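Down below is the structure, laid out as structure tokens.
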Amino acid sequence: MKLSIVIPTRWDQNMKNIIECLHHQTFKDFEVIFVVDKPLNGWNMLHDAWNIHYITSLIHAIPHNNASALRNLWIKAAKGQFIQLMDDDEWFDKDYLEKSLSLRNTYHVKLHKDIVITPTLMYRKTWNIQSQWFSHFSYLFSRPIPQHLWKKEREYIQMYSWNSLLAPWYIFKNNLFDEQLDFVYEDLDFTYRIHRAGYPLIVLRDLKIYHMERNKTKLEQAWIGNEYAAYRKAKHRMLFVKKYGNIWDKIQFYLLGFRGQPLWLISKVLRFAPAKDRWKLVKAIVRWTLA
């Protein structure tokens, strides 16, 4: 089999939409693996009608029960020569898979090495670019630095999110998610380790995928929509710095970046959170910053 497409989902309208997108692809030699957190009613009929499989965390033992562990489970299950990682809230043109594989082969020949390719992420079905992702992690500012192509056709990057990555199977299977990291930083860590392993990550201007995300509050956009989210974002930022920072990186981080991001997140809480939620969100941010 040429391609395995692996997608997390909760069996809602998103799942139905992305199945429709996949059904109309011009490229047909692929399997789809959905990973869900509950058994699916009516799944057998869907499974028998098309080359789709699902894995549920209720059937398989998932260490830590986090996104990284779940993602490792479905990457290991993939049987294709190539693996395409996607979210279920994406929409793409009918030639997307065919075009992705063609561009991957083109750059593989040009660069004489295996690569990971990524699309430009568009905000819904608009001409607005949501992200072309991150060139590097700044320890001084304590955050990943956004990457913009402007008029370039492509660029090398160090970090990308789950939406959407394509590579030969062994790149992903030999560089699985770190199951100690979760929530925002699991994606950054996953792609950064692939970059450090010597596989170029290339973002392409003319390969586009449309992110059909739901409407989010200002706090949700900052990934601190509730107490647990605020705690996890602060926690995994610290784990990321400890894992990758050299002495100079950590000096910059603990002198400036260490303080900068918590203050920025707290300012978001004070501005946008309901009064009843402000104190608990601030405590969650501070708790892991000082841990």
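Numerical summary
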| read-out | value |
| --- | --- |
| Single unsatisfied condition, Val203 versus (1) outside the structural domain of Lys151 (by TED's automatic domain parsing); (2) in contact (Cβ under 8 Å) with a residue 40 or more places away in the chain; (3) within 21 Å of the chain's Cα centre (by Cα) | (1) |
| Filtered residue count, the stretch 139-169, keeping only those that are surrounded by fewer than 21 Cβ atoms within 10 Å (Cβ to Cβ), among the aliphatic types (A, V, I, L, M) and out of contact with any Ser or Thr (no Cβ under 9 Å at 6 or more places or on another chain) | 1 |
| The listed residue being of a type outside the set (A, V, I, L, M) and out of contact with any Ser or Thr (no Cβ under 6 Å at 6 or more places or on another chain), out of Phe190, Phe177 | Phe190 |
| Options Trp288, Trp264; residue that is touching a helix residue (DSSP H, G or I) at 6+ places or on another chain (Cβ under 8 Å), among the aromatic types (Phe, Trp, Tyr) and either in the same structural domain as Leu181 (by TED's automatic domain parsing) or modelled with pLDDT under 90 (or both) | Trp288 |
| Failed item in (1) part of a helix (DSSP H, G or I); (2) more than 20 Å from Ile7 (Cβ to Cβ); (3) under 13 Å from the mean Cα position of the chain (by Cα), with Val109 passing the rest | (3) |
| The stretch 177-197: number of residues that are modelled with pLDDT of 95 or more and not in a helix (DSSP H, G or I) | 1 |
| First in the stretch 26-44 and over 20 Å from Asn66 (Cβ atoms) and surrounded by fewer than 17 Cβ atoms within 10 Å (Cβ to Cβ), second anywhere and at pLDDT below 70 and of a type in the set (A, V, I, L, M, F, W, C), Cβ under 6 Å, 6 or more apart | Leu40/Trp11 |
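The values are calculated or read from the model by the stated rules, or taken from the named source; none is laboratory data. Quick caveat, the model's predicted, so the values are computed rather than measured. No Cβ is skipped: glycine too gets one built from the backbone with ideal geometry, and neighbour counts run over all protein chains shown.
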